[in-house]
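Heads up: the structure comes next, in structure tokens.
The values are calculated or read from the model by the stated rules, or taken from the named source; none is laboratory data. These numbers come from a predicted model, not from an experiment. Don't worry about glycine lacking a Cβ; one is built from the backbone with ideal geometry, like all the others, and counts go over all protein chains shown. To get the accessible areas, we keep the full protein, side chains included, count just its heavy atoms, and leave off ligands, DNA and RNA. Shrake-Rupley method; radii C 1.70, N 1.55, O 1.52, S 1.80 Å.
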Amino acid sequence: MSEPTVIRQATTRDFLSVVFRQLWVIVTVFLIAVVSVVVVSWRSPTVYESSSRVLVSRGRKQSVLQPNLQVFSWEEEVSSEIETVKSFPVAQRAQKILDGWAQDGTLNNPVRVQMSGIDAGVIGESNVIEISYTSRHPEACVPVTNAFTQAYMDFRKESTTVPFVNEFFTREIASVDS
């Protein structure tokens, strides 16, 4: 006949004996994890980011004489606006704005725009574009983001107005004021 087997439950003493027998393995794994996290955090550069949001009205006038708007699909229009933010003409305007701020004394040090740091994206499925700038220099992030936002808004404003009409009224208003 077979003898009945006794099922023994593990106790706390059994658990602690296993832990103390394998203590060097546990401590080694823990120390390797801590050292690797410290090394990676020391070796990775600190990157700062600043962002702004702009509400874009959809649609463009076909001409000054017609009041109706030409509206594209949401994806096409938002993609065009995002690429406009990242475009070279907007970057040139932003650099001019930054140079002006440096001459005025608004900025302590002159700042150079790094095109690799600028990014733009849409928030959800809205007409809000988020313009962000990342840099290793914290003093450059906010001014560059502000300059890009201002340059983009100026670019959009000039692209929707007719230049010769705008210049005419500006001259007329200046002559009336003087």
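Conditions tested, residue by residue: (1) of a type in the set (V, I, T); (2) touching a helix residue (DSSP H, G or I) at 6+ places or on another chain (Cβ under 6 Å).
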| residue | (1), (2) |
| --- | --- |
| K96 | no, no |
| V113 | yes, yes |
| A120 | no, yes |
| G124 | no, no |
Restricting region 131-154 to residues that are in contact with a Ser or Thr (Cβ under 6 Å, 6 or more places away or on another chain) and open to solvent by less than 60 Å² (accessible area, probe 1.4 Å), the one modelled with the lowest pLDDT turns out to be C141
Mind checking which residues of region 96-112 are more than 14 Å from C141 (Cα to Cα) and either at pLDDT below 85 or open to solvent by 90 Å² or more (accessible area, probe 1.4 Å) (or both)?
K96, Q103, D104, G105, T106
Can you find, within region 40-95, the residue that is surrounded by the fewest Cβ atoms within 10 Å (Cβ to Cβ) among those that are over 16 Å from the mean Cα position of the chain (by Cα), at pLDDT 80 or above and not in a helix (DSSP H, G or I)?
P45
Given (1) among the small types (G, A, S); (2) surrounded by 14 or more Cβ atoms within 10 Å (Cβ to Cβ); (3) part of a helix (DSSP H, G or I), where does A174 come up short, assuming only one miss?
(2)
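Looking at the structure I just gave you, is V27 hydrophobic (A, V, I, L, M, F, W, C) and at pLDDT 85 or above?
Here the answer is yes, as V27 does meet what is asked.
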Top-ranked residue of region 113-127 - restricted to ones that are within 13 Å of the chain's Cα centre (by Cα) and open to solvent by less than 40 Å² (accessible area, probe 1.4 Å), ranked as nearest to E75 (Cα to Cα):
G121
